Amino acid sequence: MTGSGIRGAAAKNAKWPSLSRSQPPTCYIGLLDKAWTHEADNHFWLRGTMKLILLGTTGYHPNDQRHTACFMIPELGIILDAGTAMYRARKFLRTPELDVFLTHAHLDHVIGLTFLLDVLQNKNVRRVTVHGAPDKLAAVKEHLFAELLFPVKPPFEFRPLAPRVPLASGGTLTHFPLQHPGGTLGYRLDWPGHSLAYVTDTTATNNAAYLNAIAGVDVLLHECNFPDTMAEMAALTGHSVTTPVAELARNAQVGRLVLVHVDPAAEEEDPLNLEAARAIFPRTVLGYDWMEVDF
Ligand SMILES: [Zn+2]
Ligand SMILES: [Zn+2]
């Protein structure tokens, strides 16, 4: 799917604006990267061939701009988390196989599994696998797909995560534990010449235990539910604030930082103080629904 295709889709779907008003009039992050070429990081811009689409960039509940956590690499049939944005995957689904990786079983990350019937309809997908920690998969099976809640057998296989999961195109997925009520997993995805880490629902510190696990990735997709002024609330709920996330990105020497899982109650154009984040780690952007990230 090209950037123009997404722009067109977003334009038609006016009730879900693809951009916050502080963003330039496109959702193609490559254009944002042009600003960064001044910072000698243009190799990220020049070599970008893999594409991650941010389908949902908030947590807890959707709001008028954002759906809850769901990220897709359409060319490889990979989806990270299954929040309320999952229904949007239908627009991008083009592979005969689909792998969905769950970080944990909180509803804002799994509710979209019940939308898969629609996502898959007439799509000729021969295999769908939902990967996750065994206890989280068991909870989803027992509760989300309890007959009284959802009376249709889900059209996919649940598979407990192996330590390393092979991905299409010679990639490998690895995972690491994060601190969050009930526990959650961070993911790192590596292909020759491309890498991505997804860290959500945890309280970041500048020297977090998972620093080595995300070191050097091209793109770090990290949650940042709250601004620094809400650090107490963040710690209480197992979420992150701006400064430690930016410091972690700097210390882990990642290529770029994309902030996601933004508080759905925050209505400001700049809910996380991007200037403060960029003072620490300049290559930081605020993620938004429909954003495309090349890496
Ligand atoms: Zn969440
Ligand atoms: Zn959670």
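Quick check on PHE176: is it in contact with a Gly (Cβ under 6 Å, 6 or more places away or on another chain), under 25 Å from LEU76 (Cα atoms), part of a strand (DSSP E or B) and of a type in the set (A, V, I, L, M, F, W, C)? It is true that PHE176 is in contact with a Gly (Cβ under 6 Å, 6 or more places away or on another chain), under 25 Å from LEU76 (Cα atoms), part of a strand (DSSP E or B) and of a type in the set (A, V, I, L, M, F, W, C). Residues in segment 62-75 that are more than 19 Å from VAL219 (Cβ to Cβ) and either touching a helix residue (DSSP H, G or I) at 6+ places or on another chain (Cβ under 7 Å) or polar (S, T, N, Q) (or both): PRO62, ASN63, GLN65, HIS67, THR68.
For segment 219-237, a residue qualifies if it is touching a Phe, Trp or Tyr at 6+ places or on another chain (Cβ under 8 Å), in contact (Cβ under 8 Å) with a residue 60 or more places away in the chain and within 16 Å of ligand 2 (Cβ to nearest atom), and exactly one does: LEU221. Residue pairs whose Cβ atoms lie under 6 Å apart, separated by 6 or more positions or on different chains, with the first residue in segment 100-127 and more than 18 Å from HIS175 (Cα to Cα) and among the charged types (D, E, K, R) and the second within 16 Å of ligand 2 (Cβ to nearest atom) and not in a loop (DSSP other than H, G, I, E, B), are ASP108/THR68.
Somewhere in segment 33-42, is a residue modelled with pLDDT under 95 and of a type in the set (A, V, I, L, M)? Yes - at least one qualifying residue is present in segment 33-42.
Only one entry of HIS222, HIS239, HIS180 meets the criterion of being within 16 Å of ligand 1 (Cβ to nearest atom), farther than 23 Å from VAL293 by Cβ and touching a Ser or Thr at 6+ places or on another chain (Cβ under 8 Å), and that entry is HIS180. Regarding segment 201-211, can at least one residue be identified that is aromatic (Phe, Trp, Tyr) and within 16 Å of ligand 1 (Cβ to nearest atom)? No, there is no match, as no residue in segment 201-211 is aromatic (Phe, Trp, Tyr) and within 16 Å of ligand 1 (Cβ to nearest atom). In the set (1) away from ligand 2 (no atom under 16 Å from the Cβ); (2) farther than 21 Å from LEU257 by Cα; (3) without any contact (Cβ under 8 Å) to a residue 60 or more places away in the chain, ILE79 fails one condition alone, (2). Could you figure out which of (1) under 30 Å from SER169 (Cβ atoms); (2) among the polar types (S, T, N, Q); (3) more than 16 Å from ligand 2 (Cβ to nearest atom); (4) touching a Leu at 6+ places or on another chain (Cβ under 7 Å) isn't true of THR242? Condition (1) is where THR242 drops out.
Taking segment 59-170 as the region of interest, the strands (runs of 3 or more DSSP E) fully inside it that hold 1 or more residues being under 18 Å from the mean Cα position of the chain (by Cα) are 70-73, 78-80, 97-101, 127-132, 164-167.
Is one or more of the residues making up segment 275-290 in a strand (DSSP E or B) and surrounded by fewer than 24 Cβ atoms within 10 Å (Cβ to Cβ)?
yes
Can you give me the number of residues within segment 117-152 that are hydrophobic (A, V, I, L, M, F, W, C) and closer than 26 Å to PRO181 by Cβ?
Of the residues in that region, 12 qualify.
Considered as a group, the residues in segment 51-65 that are under 14 Å from VAL258 (Cβ atoms) and more than 12 Å from ligand 1 (Cβ to nearest atom) include one that is surrounded by the most Cβ atoms within 10 Å (Cβ to Cβ), and that residue is LEU55.
Among the residues of segment 80-118, which ones are surrounded by 21 or more Cβ atoms within 10 Å (Cβ to Cβ), farther than 20 Å from PRO134 by Cα and away from ligand 1 (no atom under 16 Å from the Cβ)? Hits for segment 80-118 are ARG88, ALA89, PHE92, LEU116. Checked against (1) crowded, with 16+ Cβ neighbours inside 10 Å; (2) in contact with a helix residue (DSSP H, G or I) (Cβ under 9 Å, 6 or more places away or on another chain), PRO160 passes all but condition (1). Filtered by the rule that a residue be under 27 Å from VAL110 (Cβ atoms) and free of Cβ contacts under 8 Å to residues at least 60 places away in the same chain, segment 198-210 gives VAL199, THR202, THR203, ALA204, THR205, ALA208, ALA209, TYR210.
Yes or no, residue by residue, for (1) in a helix (DSSP H, G or I); (2) at positive phi; (3) surrounded by 20 or more Cβ atoms within 10 Å (Cβ to Cβ); (4) within 13 Å of ligand 2 (Cβ to nearest atom):
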{"position": "TYR187", "(1), (2), (3), (4)": "no, no, yes, no"}
{"position": "THR202", "(1), (2), (3), (4)": "no, no, yes, yes"}
{"position": "ALA209", "(1), (2), (3), (4)": "no, no, no, no"}
{"position": "VAL217", "(1), (2), (3), (4)": "no, no, yes, no"}
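The values are calculated or read from the model by the stated rules, or taken from the named source; none is laboratory data. Remember, predicted model here, so these are calculated numbers, not experimental data. Glycine gets a Cβ as well: all are built from the backbone with ideal geometry, and neighbour counts include every protein chain shown.
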